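Engineer: Provided herewith is a single structure, encoded as structure tokens, for subsequent inquiry.
The values are calculated or read from the model by the stated rules, or taken from the named source; none is laboratory data. For clarity, every value in this text was computed on a predicted model and none was experimentally measured. Cβ: placed from backbone, ideal geometry, glycine included. Neighbour counts: every protein chain shown. Areas reflect the complete protein model, heavy atoms only, side chains present, ligands, DNA and RNA absent. Shrake-Rupley method; radii C 1.70, N 1.55, O 1.52, S 1.80 Å.
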Amino acid sequence: MTTPERYLQHVLPTYGRFPLVPVRGFGCRLWDDAGKAYLDFCMGIAVCSLGHCHPRLVEAIRHQAGELMHVSNLYQNPLQAELAEEININHVRLPGKNFFSNSGAEANDGLIKAARRFGRKRPQADGAQRYEVVTFLQSFHGRTLGAMSATGQAKIHDGFDPLLPGFRYLPFNDIEALEAAVRPETAAILLEPIQGEGGVIVATPEFLRAVAELCRKHDLLLFFDEVQAGFGRCGDFMAWRMIAPEIQPDGISWAKGMGGGVPIGAFWLSDRAVDDDGTALSSLMGPGSHGSTYGGNPLVCAASLAVLKEIREKELHVNAILQEVRIRETVRSWNLPVITEIRGQGLLLGIGLNPDLIPTPEGKTPALVVVDQLMARGLLVPPAGPNTFRLLPPLNVTDAEVDEALGIIHDTLKELIS
Ligand SMILES: *Cc1c(COP(=O)(O)O)cnc(C)c1O
């Protein structure tokens, strides 16, 4: 049986998979089962921050696999403690505490639970608990019942009623809609500083500041979902700092790029006081309030430490900015009407396509038509919404690799519209 046949027979058909069967990777390159090489600007959807099989990451995993892979969170794990310290001191640079999960959706579930604890600690005027988390249209927060309910996209909810109660979705980047949105039961606002899956939409500084001000005014928690944007991809260790660096969030979630390919996520809660007695927000998630058997085990923490230290020591977040500039300048110089705009920050970029200029057979979206063509020519990129494809190369991508990818994109688009 071939791999696609085995899938048909034995794997739930939840993904619309491309026929590609990758079996080996190194750096920016990926090889399929027939030995064909691809330039990979998908990188497991912004997961492989250092590229495939980076020697430092491979060595960290090899070493730790032979020392100790897993211990229960019943015990102390030096690598988990060190990773939390690395995140706090070098990346978030605000006083707070981390919880380690296995994915982004779980990290967001943790934030949602923290909002409810907070809403109990700081109830409504009549003593009723606050519980609502306001999120935004076109957001993506994950696929668990909690994270899916937080996600402001009908297609993600389809067929799964009833959703978890306690969410409301507002238009993104719409300051006017914010003011009227706070209700007595609202406890928190959760947003992606740069929406990824929804089409690569960057929050404006004015909008982010208005959200932060609203949270301050109404005693709401401010949560950033940095699952896709965090840890260097957008040009700073934390994406929101590229937009409005003075903002101090109450909670942050991460996953994707922090493990470079191993399943790890985390959420962070601020140590700031939430009452006059000085009770820290982070203390509201006390013993017994949350847990995960695998979460932050020695193997994944060793891997994540290697990734985060490599990003920091080699200043890969700076390379993300340099390569963004290179991409923007080159694409602008083409003057191709089929490209409407480039959105995003650092190496979380979305190339907007003019749907009227792209022939779309078989009811395919313009983005999928282009993604297919690029794949046939040896470049892997993920779509984002119907009219956008993303460029998510590793943070250590070189000038030559960027130029090669841009060459493929240029030739493909030129031919598509000719
Ligand atoms: C991918 C993503 C998630 C979900 O992460 P999983 O690891 O797939 O659960 C949540 N938020 C954002 C912004 C994402 O891009």
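Engineer: Of Met43, Met1, which residue is farther than 30 Å from Ala188 by Cα, open to solvent by 80 Å² or more (accessible area, probe 1.4 Å) and in contact with a helix residue (DSSP H, G or I) (Cβ under 9 Å, 6 or more places away or on another chain)?
Structural biologist: Step by step, each of Met43, Met1 is checked, and only Met1 is farther than 30 Å from Ala188 by Cα, open to solvent by 80 Å² or more (accessible area, probe 1.4 Å) and in contact with a helix residue (DSSP H, G or I) (Cβ under 9 Å, 6 or more places away or on another chain).
Engineer: Here is a follow-up. Is one or more of the residues making up segment 332-342 part of a helix (DSSP H, G or I), among the β-branched types (Val, Ile, Thr), closer than 30 Å to Val370 by Cβ and at pLDDT 95 or above?
Structural biologist: no
Engineer: May I pose another question? Among Val370, Val338, which is the only one that is open to solvent by less than 60 Å² (accessible area, probe 1.4 Å), assigned by TED's automatic domain parsing to the domain that holds His410, in contact with a strand residue (DSSP E or B) (Cβ under 7 Å, 6 or more places away or on another chain) and within 21 Å of Leu20 (Cα to Cα)?
Structural biologist: Val370
Engineer: Follow-up question, since we're still on this one. Can you find even one residue in segment 207-220 that is within 16 Å of the ligand (Cβ to nearest atom), under 13 Å from the mean Cα position of the chain (by Cα), open to solvent by less than 10 Å² (accessible area, probe 1.4 Å) and closer than 22 Å to Gly344 by Cβ?
Structural biologist: No, segment 207-220 contains no residue that is within 16 Å of the ligand (Cβ to nearest atom), under 13 Å from the mean Cα position of the chain (by Cα), open to solvent by less than 10 Å² (accessible area, probe 1.4 Å) and closer than 22 Å to Gly344 by Cβ.
Engineer: When you go through Gly257, Gly235, Gly230 one by one, which is the residue that is closer than 23 Å to Pro383 by Cα, assigned to a loop (DSSP other than H, G, I, E, B) and within 11 Å of the ligand (Cβ to nearest atom)?
Structural biologist: The conditions single out Gly230.
Engineer: Between a residue in segment 30-57 that is in a loop (DSSP other than H, G, I, E, B) and of a type in the set (S, T, N, Q) and any residue that is modelled with pLDDT of 95 or more and open to solvent by 20 Å² or more (accessible area, probe 1.4 Å), which pairs come within a Cβ distance under 6 Å, given they are 6 or more apart or on different chains?
Structural biologist: none
Engineer: Looking only at residues that are under 23 Å from the mean Cα position of the chain (by Cα) and without any contact (Cβ under 8 Å) to a residue 40 or more places away in the chain in segment 309-351, which one is farthest from Leu392 (Cα to Cα)?
Structural biologist: Glu313
Engineer: Looking at segment 39-54, can you tell me whether even one residue there is more than 16 Å from the ligand (Cβ to nearest atom) and β-branched (Val, Ile, Thr)?
Structural biologist: no
Engineer: Any idea which of (1) within 16 Å of the ligand (Cβ to nearest atom); (2) without any contact (Cβ under 8 Å) to a residue 40 or more places away in the chain is the one Gly66 doesn't satisfy?
Structural biologist: Tallying (1) within 16 Å of the ligand (Cβ to nearest atom); (2) without any contact (Cβ under 8 Å) to a residue 40 or more places away in the chain, Gly66 fails exactly one: (1).
Each row is one residue, and each column tells you yes or no for (1) away from the ligand (no atom under 15 Å from the Cβ); (2) open to solvent by 10 Å² or more (accessible area, probe 1.4 Å); (3) out of contact with any Ser or Thr (no Cβ under 9 Å at 6 or more places or on another chain); (4) part of a helix (DSSP H, G or I).
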| residue | (1), (2), (3), (4) |
| --- | --- |
| Leu83 | yes, no, no, yes |
| Ala105 | no, yes, no, yes |
| Ala114 | yes, no, no, yes |
| Asp126 | yes, yes, yes, no |
| Gln129 | yes, yes, yes, no |
| Thr135 | no, no, no, no |
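Engineer: Picking from Glu246, Glu197, which residue would you name as being in a loop (DSSP other than H, G, I, E, B), within 16 Å of the ligand (Cβ to nearest atom) and surrounded by fewer than 24 Cβ atoms within 10 Å (Cβ to Cβ)?
Structural biologist: One residue alone meets the criteria, Glu197.
Engineer: Please determine, by comparing only the residues of segment 260-284 that are crowded, with 24+ Cβ neighbours inside 10 Å and of a type in the set (A, V, I, L, M, F, W, C), which one is farthest from the ligand (Cβ to nearest atom).
Structural biologist: Leu269
Engineer: Out of segment 397-418, which residues are open to solvent by 50 Å² or more (accessible area, probe 1.4 Å) and assigned to a loop (DSSP other than H, G, I, E, B)?
Structural biologist: Listed by number, the residues that qualify are Thr398, Ser418.
Engineer: Follow-up question, since we're still on this one. Keeping to segment 341-357, report how many residues are under 24 Å from Val318 (Cα atoms), of a type outside the set (Val, Ile, Thr) and surrounded by 15 or more Cβ atoms within 10 Å (Cβ to Cβ).
Structural biologist: The total comes to 8.
Engineer: Are any of the residues in segment 141-162 away from the ligand (no atom under 11 Å from the Cβ), touching a strand residue (DSSP E or B) at 6+ places or on another chain (Cβ under 7 Å), open to solvent by 60 Å² or more (accessible area, probe 1.4 Å) and among the hydroxyl-bearing types (Ser, Thr, Tyr)?
Structural biologist: No, segment 141-162 contains no residue that is away from the ligand (no atom under 11 Å from the Cβ), touching a strand residue (DSSP E or B) at 6+ places or on another chain (Cβ under 7 Å), open to solvent by 60 Å² or more (accessible area, probe 1.4 Å) and among the hydroxyl-bearing types (Ser, Thr, Tyr).
Engineer: A further question follows. For the condition of a type in the set (Lys, Arg) and part of a strand (DSSP E or B), what is the one hit in Arg24, Arg62, Arg6?
Structural biologist: It is Arg24.
Engineer: Against the condition of a type outside the set (Val, Ile, Thr), within 16 Å of the ligand (Cβ to nearest atom), assigned by TED's automatic domain parsing to the domain that holds Ala273 and over 19 Å from the mean Cα position of the chain (by Cα), how does Lys97 come out, does it pass?
Structural biologist: In short, no.
Engineer: Next question. Quick check: is even one residue across segment 175-184 open to solvent by less than 50 Å² (accessible area, probe 1.4 Å), within 16 Å of the ligand (Cβ to nearest atom) and outside the structural domain of Arg343 (by TED's automatic domain parsing)?
Structural biologist: No: zero hits.
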